[in-house]
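Here is the structure we will look at, set down as structure tokens.
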Amino acid sequence: MNKSSYLHMNKYISDSLFDIVSDIAYESGVRAYVIGGYVRDSILGRKNSKKDIDVVVTGSGITFAKKVAAAISPKIRVSIFKNFGTAMFAVQGKEIEFVGARKESYERGSRKPFVENGSLEDDQNRRDFTINAMAISLNRDDYGKLIDPFKGIKDLKEKIIRTPCDPLQTFSDDPLRMMRAIRFSSQLGFRIHRETYNSIKHNRDRISIVSFERISDEVNKILLSHSPSRGFIMLAETGLLDKILPELTNMKGIEIKDNKGHKDNFYHTLQVLDNVRQKSDNIWLLWSALLHDIAKPVTKKYIEGSGWTFHGHEYVGSKMVPSIFRRLKLPLNEKMRYVQKLVSLHLRPVTLSKETVTDSAVRRLLFEAGNDIDDLMILCEADITSKNEQKVRQYIQNFRLVRKKLEEIEEKDRIRNFQPPVDGNEIIRLFGLKPGKEVGFLKDSIKEAILDGIIPNEYEAARDYLIKKAAEIGLKPIK
Ligand code: CTP
């Protein structure tokens, strides 16, 4: 082929790193190509996306990686994954992974591949999507040449996600790719080609052989995409959501009785999610948005005369979070407790804004939400999805009032990181008590008095109040 007749991608491989890879390939008599996400994101001009570089070589990826690392610096530590025939190292804030070009096929019922050596073409054939199968040559004779057998560049331009081969083959090779298709579509704003999309619907049951760690990684990426609702709608439509988060699909639909309907809680949730995403990229806040109404189906009741109620759904919902997190292999630590807290508190600011906003109600909310109060307010404001403009205006105005009150009280009483000014040990010493019920009672009395505004959040006032309260149960200070 005449050099000028192919697409040159030199500007994407101008880093000196690629020159080194090129030299080593030449010296070792192998061919090397940069491939996959790096090529896709470079052409798309995506920001912050050039950290990981995948290089495919004809021959052993491990041997090649060691040679390149040694040529850059003897200090570089190469991580080797023998089972996968890959090796990687980090340099200049980038991670480069090397892999030998392979022909791969998978055992049915598992995603452990049999790996055989192959050509670049074999390797491109076994990749997930046309836009991820493009390679740029790092070889001296055609340095910078785009090798794009499946017209990935056209799909990039037309914003299409499509498998390079029969989607049935691609998805049965690795069913996680069904999630990846939806994730890329959501992240990039691309549409999934009809044949590929239909194949996801057909193959959805095969997602069951994929580990929840990998599934949740994709769900997290969908949550962080610009408008996550897009991804969740596709997950629901293809039937994948039923397999991974049936609690969410359970929220779909509207029931009508006596001419009274409730909103479709699934689409409401997705709107809340998009609203939160506009304000935040905190993944746990996004999970809180996704799960905030999760208990609506199980708490739904129709009450004659007043209509649909979901009484206690915030509390029941927060209790459902651990089993969902366990199933999805999400962390069962303070991140999960944060999500539980936000789910359980998500109605509080709304309730507050409907009543006259008393100081003590604001203090209690600040005490329970602690440092997460700002995130809770983002969630609550996002939860206003009414179509009634006047209602929305009213809510927003009330929330402004709640926020103002929150600031005033916080400044005055410092409740956010509340620690009672007199602690249990001091109570024990003061009255010569043994640890037990009375200490708890007295400690609680101080907390309640501060939250109710009976005393300020200060040591002297708390100590005086404590002595008074102790006298009521017949206790006196021992000195
Ligand atoms: N790949 C694949 N099938 C998978 C995972 C990955 O074919 N299930 C291929 C694709 O060619 C992909 C490349 O491996 O481009 C690198 O995968 P990965 O790093 O997971 O994804 P990226 O495409 O780089 O995208 P991102 O970093 O956004 O996950």
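Rule-based calculations on the coordinates, nothing more; no lab input. None of these values were measured; they are calculated from a predicted model. Glycine gets a Cβ as well: all are built from the backbone with ideal geometry, and neighbour counts include every protein chain shown.
Peptides 301-310, 463-472 ranked from most to least packed give 463-472, 301-310, packing being the mean of other C-beta atoms within 10 angstrom over each peptide's residues. Contact order for the chain, expressed relative to its length and based on alpha carbon pairs under 8 Å spaced 6+ residues apart, stands at 8 percent. Computed from the C-beta positions of E408 and D205 and an R0 of 51 Å, the FRET efficiency is 0.35 to the nearest 0.05. Considering only S79, G317, F399, the residue lying farthest towards the positive end of the dipole of the chain is G317, judged by Cα position with unit charges set on Cβ. Relative contact order for region 424-472: 28 percent, from Cα pairs under 8 Å spaced at least 6 residues apart, divided by residue count.
Within region 307-360, the GluC sites (Glu not before Pro) that combine a DSSP coil assignment with at most 11 other C-beta atoms in a 10 angstrom radius are E355. Structural size metrics of the chain, computed from C-alpha coordinates, are Rg and Dmax of 29.4, 100 Å. A simple spin-label model places pseudo-atoms 7 Å from Cα toward Cβ; at S73 and K300 they are separated by 5.9 nm. Ranking V439, A449, Y465 by Cα position along the charge dipole of region 424-472, where only Lys, Arg, Asp and Glu carry charges on their C-beta atoms, puts V439 farthest toward the positive end. Highest-first packing order for the peptide set 221-228, 56-63 is 56-63, 221-228, based on the mean count of other beta carbon atoms within 10 Å.
Among I373, I80, the order by Cβ neighbours within 10 angstrom, fewest to most, reads I80, I373. Spin-label model, R327/D242: points 7 Å from Cα along the beta carbon direction are separated by 1.4 nm.
The modelled label-to-label distance for the pair H8/S28, using points 7 Å beyond Cα in the direction of Cβ, is 2.7 nm. Only helices enter this figure: runs of n ≥ 4 DSSP H residues, each worth -39500 (n - 2.57), summed and divided by the residues of the chain, yield -16000 deg cm²/dmol at 222 nm to the nearest 500. Working ranking of peptides 422-432, 36-46, 171-181 by packing, defined as the average number of other Cβ atoms within 10 Å per residue, highest first, is 171-181, 36-46, 422-432. Between the listed residues F171, I35, Q187, the Cα displaced farthest toward the positive end of the dipole of the chain, a dipole computed from Cβ unit charges relative to the Cα centre, is found at F171.
For region 248-289 versus region 411-476, the inter-centroid distance based on Cα atoms is 42 Å.
Take every Cα pair under 8 Å whose residues are at least 6 apart in sequence, average their separation, divide by the length of region 260-412, and the relative contact order is 23 percent. Structure shown: which of K405/K469; K151/K252; K335/K447; K296/K404; K154/K221 lie over 32 Å apart, alpha-carbon to alpha-carbon? Checking Cα-Cα distances, K151/K252 exceed 32 Å. In region 11-39, which residues have a backbone nitrogen under 12 Å from the label point lying 7 Å from D142's Cα in the Cα-to-Cβ direction? Backbone N within reach: 32-33. Taking one quarter of the surface of the convex hull spanned by the alpha-carbon atoms of region 3-158 gives a direction-averaged projected area of 9.7 nm². Note on region 104-245: Kirkwood radius taken over Cα pairs, Stokes-Einstein applied at 4 °C and 1.567 mPa s, translational D equal to 82 µm² s⁻¹. Mean silhouette area of region 160-244, derived from the convex hull of its C-alpha atoms and averaged over all directions, reads 4.6 nm². Only Lys, Arg, Asp and Glu carry charge here, each on its Cβ (+1 for the first two, -1 for the last two); on that basis the chain has a dipole of about 280 debye about its Cα centre.
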